[in-house]
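Every read-out reported here was derived from the displayed coordinates using simple, explicitly stated rules and does not represent laboratory data. The structure displayed is predicted, hence computed values, not measured ones. Using ideal geometry, Cβ is built from the backbone for each residue, glycine included, and neighbour counts are taken over all protein chains shown.
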Amino acid sequence: MPIIGKQVHEQSKTVQWSDGSTTVLPCIMDDGTNILQDDTDSVAFFASLPESNPEMSKHVIHLQYSDWTNKDRQLCDEISAALRVNKAVVIRQVTTPKHKTLNLDYLEDRGMSELMRVVVHDMQNPNKIQCILDVPYSQSGLPLFLSTLDHGIVNAWNQTTIDNPIDEAVHPDNFTVCSWALLHGPAYWTNPHHDSDGGATFIRVETGQKKWGLFKPINEHTAARTNLATMALGLVDLYKNRDDIPANWEAEIVTLLPGDILIQPAGQFHTVYTPVASFATGGHFCSYEQMHLTELSRWIDHKLARTLTNQVHEHSIATFHRMVINLPHISRRIKLYSRLLIALCLMVLDSDKYMAAGTWKPKVKASTTKRAQDIAHTVIKYFWTDIKTATNVFRKKETDGSNNQTHPGELISRDRLLTCLEAFTKF
Ligand SMILES: [Fe+2]
């Protein structure tokens, strides 16, 4: 391996992955001992898990971008349908970047500088394994042909300012989470977690490589939400619980190469190994069609929070308010199902139940609170009578007899929804 001794420690070992590829393992020696042995063992375990198979995968839809050129609408529909039923989507070769060396020139081409304020600057030290997660990159975001997936921006923030002008301070995370960049040195291990505040995540490898591991509970169709939370606690402590993982979780590795985009549903537990120096761009987004998954993810964070997520955010309620306020106006192409509609309304009506543990409650009601809650109440009353009944519907066993907390429910008639919200369409 040409990077051993140059970019990673000279005593680094290698591992063969289930797809046949070979990478280095994490290693930092101190006084004759690999102080990253837990990481080394975790990556060796991770490497033994199966590579996602396009024909056989239960949890990942594999697409080739060349099959979808000039079919943006169909592609977005395909992705929405997958995310709604809690599946990830990988789109191969959205671009075909030429190989480029990840150096200062590469970063300056993307607006960065060696003088930039970031936490880490000596990324090429073989005696350290480091990353920069705070690369500011608001200029990127979803590619234009996928941009309508982001209902938080497209519907909530862009389209509600007539009903509710933005006349108060808004947390900047409502916008900055939509687009970021990651810079990793080689052999970087990221422990299992789900991304905070129930957003869907997209990631695009620009240069380098990522081994992206996606985990799904084996008994997802029958497990109660408290069991899902308990199982998640076991997964995120992979150092201790490696031996128990195969009994509880199905896992697939998606190897991401330059030009590939992975989109994972809200609340998806994942782990990542970055074997070589890599630059990746990505972001989080909210979608009406995944609100039932967002609700579950935020509910788990409310119970367990900081041990499970990568970063705790407190901003999302402002986006959910505006998503509700825009309900009378959204395109009929967006498919609204019963459980995701109840989830969105509950998060707006009962927002304290979804604050991640350890975070501060907002002190003052926002200017959007009343209209959002009035609309949410109206929806709940029209379709489910009251919050208690709606909550029961939300948590009951599905018609197929399962107790699947990730089920979207039944398709809601858009005509009925418009009738219900008629009072909120008057100008
Ligand atoms: Fe993550």
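Under 1.5 on a/c is rounded, so check that first for the stretch 127-187, then, if it is not, pick prolate when a/b is larger than b/c and oblate when it is not; a ≥ b ≥ c are the square roots of the alpha carbon gyration tensor eigenvalues.
On the way: a/c = 4.79, a/b = 2.12, b/c = 2.26.
Because a/c hits 1.5 or more and a/b fails to exceed b/c, the stretch 127-187 counts as oblate.
The lysines whose alpha-carbon is closer than 24 Å to the alpha-carbon of residue 381, local same-chain residues fewer than 8 away aside, are 335, 353, 365, 370, 396, 397, 426. In terms of the Cα gyration tensor, with a ≥ b ≥ c the square roots of its eigenvalues, is the stretch 60-424 rounded because a/c is under 1.5, prolate because a/b exceeds b/c, or oblate? Cα axes put the stretch 60-424 in the prolate bin. Report P(r) for the stretch 204-319: all Cα-Cα distances, bin width 10 Å, range 0 to the bin holding the largest distance, values in whole percent. Binned Cα distances yield the sequence 12, 40, 36, 12, 0. Springs between alpha-carbon pairs under 10 angstrom, Gaussian network model over the chain: which of 129, 35, 375 fluctuates most? So, out of 129, 35, 375, the one fluctuating most is 35.
Provide the net charge surrounding residue 275, with neighbours chosen by a C-beta distance below 13 Å and charges set as Lys +1, Arg +1, Asp -1, Glu -1. Net charge around residue 275: +1.
The DSSP beta bridges internal to the stretch 1-150 are antiparallel in roughly 45% of cases. Using the Karplus relation 6.51 cos²θ - 1.76 cosθ + 1.60 with θ = phi - 60°, the per-residue 3J(HN,Hα) values for the stretch 72-80 come to 4, 5, 5, 5, 4, 4, 4, 5, 4 Hz, with x marking Gly and Pro.
Annotation: amide H-H contacts under 5 Å for residue 188 (H modelled 1.01 Å from N, sequence separation of 5 or more, or interchain): 274. The phi torsions of the stretch 53-67, fed into the Karplus equation with coefficients 6.51, -1.76 and 1.60 and a -60° offset, translate into couplings of 9, x, 7, 9, 4, 8, 10, 10, 8, 9, 10, 9, 4, 4, 7 Hz, rounded to whole numbers, with Gly and Pro shown as x. Shape summary of the stretch 50-188, radius of gyration then Dmax from alpha carbon positions: 18.9, 56 Å.
A run of the chain free of exposed loop cleavage sites, with GluC sites (Glu not before Pro) counted only in DSSP states other than H, G, I, E and B and at most 11 other beta carbons within 10 Å, reaches its longest extent at 169-427. Annotation: amide H-H contacts under 5 Å for residue 213 (H modelled 1.01 Å from N, sequence separation of 5 or more, or interchain): 254, 271, 272, 273. All other residues whose Cβ lies under 13 angstrom from that of residue 152 are scored, Lys and Arg at +1 and Asp and Glu at -1, for a net of -3. Bridging of residue 240 to lysines at a Cα separation below 18 Å is possible for none of them, once same-chain residues fewer than 8 apart are set aside.
Only Cα pairs under 8 Å and 6+ residues apart enter the sum, and on that basis the relative contact order of the chain stands at 18 percent. Considering only 99, 59, 193, the mean-square fluctuation computed in a Gaussian network model of the chain, springs between alpha carbons under 10 angstrom, is largest for 99.
By the count of neighbouring beta-carbon atoms within 10 Å, fewest first, 240, 303, 98 end up ordered 98, 240, 303. The string of couplings for the stretch 19-31 from the Karplus curve (6.51, -1.76, 1.60, θ = phi - 60°) is 8, x, 6, 10, 9, 6, 9, x, 7, 10, 8, 9, 6 Hz, one whole number per residue in order, with x for Gly and Pro.
You can think of it this way: the chain between residue 30 and residue 58 has 5.8 nm of extra reach, that is 0.36 nm per residue less the Cα-Cα gap. The amide H of residue 112, built 1.01 Å from its N in the peptide plane, has no neighbour under 5 Å, considering only residues 5 or more places off or on other chains.
Placing a pseudo-label 7 Å from each Cα along the Cα-to-Cβ vector at residue 395 and residue 115 gives an inter-label distance of 5.7 nm. A simple charge model with +1 on the Cβ of Lys and Arg, -1 on the Cβ of Asp and Glu and nothing else charged puts the dipole of the stretch 60-424 at about 600 debye relative to its Cα centre.
When the chain is treated as a Gaussian network with alpha carbon springs shorter than 10 Å, the biggest mean-square fluctuation among 376, 366, 390 belongs to 366. Note on the chain: helix-only mean residue ellipticity at 222 nm, from DSSP H runs of 4+ residues weighted -39500 (n - 2.57) and normalised by residue number, equals -8000 deg cm²/dmol.
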